[in-house]
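The values are calculated or read from the model by the stated rules, or taken from the named source; none is laboratory data. If you're wondering where the values come from, they're calculated on a predicted model, not measured in any experiment. Because the Cβ atoms are built from the backbone with ideal geometry, glycine has one as well, and the counts that use them run over all protein chains shown. Just so you know, the surface numbers come from the protein's heavy atoms only, side chains and all, with ligands and any DNA or RNA stripped out. Shrake-Rupley method; radii C 1.70, N 1.55, O 1.52, S 1.80 Å.
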Amino acid sequence: MSTTEKKRASRKKKDPDAPKRSLSAYMFFANENRDIVRAENPGISFGQVGKLLGEKWKAMSSEDKTPYETKAEADKKRYEKEKAEYAKKNSA
DNA sequence: CATGTGATTGTTTCC
DNA sequence: GGAAACAATCACATG
């Protein structure tokens, strides 16, 4: 059972405040790719873009996606803060 | 202490 | 507005 399956199978709520998580390197990468991919593939369908995106994502060199991971790191800290308040008010 | 678990994040296009 | 492909994540909770 891969967690991946469950994710798609069902995603229910959890905490009342749900400090959410942080973004993923993919999110930052996609931000740039959405411009590029769609720009290079004018008029392609969702199924193609979505897939094409992922393929290229990994296609890049680890160092190339580094800038995205870097952002992911910063975003993570953002979540840390959210959780901090959430936990705080929760404790209270 | 070690493990996995689940929830989440954002994009694209489409009706 | 929601749905799936695409990937990462990773802090949280638990035994």
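Structure values in brief
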item: Failed condition for A:THR3, given (1) of a type outside the set (Asp, Glu); (2) within 11 Å of DNA strand C (Cβ to nearest atom); (3) at pLDDT 85 or above; result: (3)
item: Filtered residues of region A:68-92 (kept if part of a helix (DSSP H, G or I), small (Gly, Ala, Ser) and farther than 18 Å from A:ALA30 by Cβ); result: A:ALA84, A:ALA87, A:SER91
item: Considering residues of region A:68-81 that are open to solvent by less than 70 Å² (accessible area, probe 1.4 Å) and out of contact with any helix residue (DSSP H, G or I) (no Cβ under 7 Å at 6 or more places or on another chain) only, the residue farthest from DNA strand B (Cβ to nearest atom); result: A:ALA74
item: Subset of region A:23-37 (residues that are within 6 Å of DNA strand B (Cβ to nearest atom) and surrounded by fewer than 18 Cβ atoms within 10 Å (Cβ to Cβ)); result: A:SER24, A:TYR26, A:MET27, A:ASN31, A:ARG34
item: Considering residues of region A:11-22 that are open to solvent by 80 Å² or more (accessible area, probe 1.4 Å) and either within 12 Å of DNA strand C (Cβ to nearest atom) or of a type in the set (A, V, I, L, M) (or both) only, the residue modelled with the lowest pLDDT; result: A:ARG11
item: Considering residues of region A:47-67 that are small (Gly, Ala, Ser) and assigned to a helix (DSSP H, G or I) only, the residue nearest to DNA strand B (Cβ to nearest atom); result: A:GLY50
item: Filtered residues of region A:38-47 (kept if open to solvent by 50 Å² or more (accessible area, probe 1.4 Å) and near DNA strand C (Cβ under 9 Å from one of its atoms)); result: A:PHE46
